[in-house]
């Protein structure tokens, strides 16, 4: 039986072959394998040089100073470091603004901070899934320390107006953290335009390896951020631990590829996404979730009314798709993101997330459309009977 068509790029992306190649060169004795902290010999110098080159590539991806990139194990750690690191400095006092449609890697640390005494305002989106700048403005309090809003939602692909939110935060002397895990590699990400103070990135979302990411920390803020992992004072005291040369080099190479081809790649993927949607949009009971204008090129979240999502997911044997965020896909609960947008439990249960990427082809899309139409029609008929 052939492998299914992979349409779950929002969950993770395959490592690009050129990324895998440079990573392989940092593993064995004939490559750059040494501990980059070993500055007493050439092997360590070579490793450090490669890591700093990777840091420059990641910095270029988001238009910041390389000294503002802190290596982490991924966006989950970056989000924890950003939120906890700020409020630990404040002795868990003050006010945090975030939203109910953030990734669990922001929601759970925010709830943990609430238990510590931090006041949290949870913004809710409109029916299109957007958190507006006006909502942030209205939620500000005299003791607001931090706003944390994602750039691109992982389930719907909806893009929030971060530049507008950033201006409001900067005008009010409030810090802004942006979870850009779903944005980097899919849409332009420019720190200066967004006016963010902290930003989380994850390599495996843009064709790099899993287990590595970064946190952008604006330079004046670096002395205020309390480390969450101690032991050696690596990364200018913000994140201890021996740096994994092969992973960081992989993330740097992945960033380099994005810089070179983002615009053309985004246009190609968007056309394929629209082709997928046009191929199934006429089916009865089918509706798109979220904004159709302010949305990531590769995301398509669709409800198939009258059909259980889990049943549909199991029936779509020729496709690798999901019912929502990868971190909650094992749960039988309906998507908390869709519910927050006003989607009923029944419709949220019947929704599928399709996400396209670098290796998606037109042939993949035509095959997916044919398969979806066949299976959905069969399930509807069975439901009617």
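For every residue, the table says whether it meets (1) crowded, with 17+ Cβ neighbours inside 10 Å; (2) at pLDDT 95 or above; (3) not assigned by TED's automatic domain parsing to the domain that holds residue 100.
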site: 282; (1), (2), (3): no, yes, yes
site: 296; (1), (2), (3): yes, yes, yes
site: 317; (1), (2), (3): no, no, yes
site: 358; (1), (2), (3): yes, yes, yes
site: 371; (1), (2), (3): yes, yes, yes
Just need a number here: residues in the range 233-246 that are without any contact (Cβ under 8 Å) to a residue 24 or more places away in the chain, assigned to a loop (DSSP other than H, G, I, E, B) and over 29 Å from residue 14 (Cβ atoms). 2
Listed residues 205, 210; which is under 24 Å from residue 240 (Cα atoms), surrounded by fewer than 24 Cβ atoms within 10 Å (Cβ to Cβ) and either at pLDDT below 95 or within 17 Å of the chain's Cα centre (by Cα) (or both)? 210
For the range 323-347, give me the residue count where each residue is within 25 Å of residue 5 (Cα to Cα) and modelled with pLDDT under 90. 11
Of the residues 22, 106, only one is within 23 Å of residue 226 (Cα to Cα) and assigned by TED's automatic domain parsing to the domain that holds residue 204; which? 106
Pick from the range 112-143 the residues that are in contact with a helix residue (DSSP H, G or I) (Cβ under 7 Å, 6 or more places away or on another chain) and under 16 Å from residue 86 (Cβ atoms): which of them is surrounded by the fewest Cβ atoms within 10 Å (Cβ to Cβ)? 120
Within the range 232-245, does at least one residue satisfy the condition of being surrounded by 18 or more Cβ atoms within 10 Å (Cβ to Cβ), in the same structural domain as residue 199 (by TED's automatic domain parsing), in contact with a helix residue (DSSP H, G or I) (Cβ under 8 Å, 6 or more places away or on another chain) and under 28 Å from residue 17 (Cα atoms)? yes
Could you list, in sequence order, all residues of the range 247-304 that are assigned to a strand (DSSP E or B) and within 23 Å of residue 371 (Cβ to Cβ)? 286, 287, 288, 299, 300, 301, 302, 303, 304
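The values are calculated or read from the model by the stated rules, or taken from the named source; none is laboratory data. None of the values given here were measured: they were computed from a predicted structure. We place every Cβ from the backbone using ideal geometry, glycine too, and count neighbours over all the protein chains shown.
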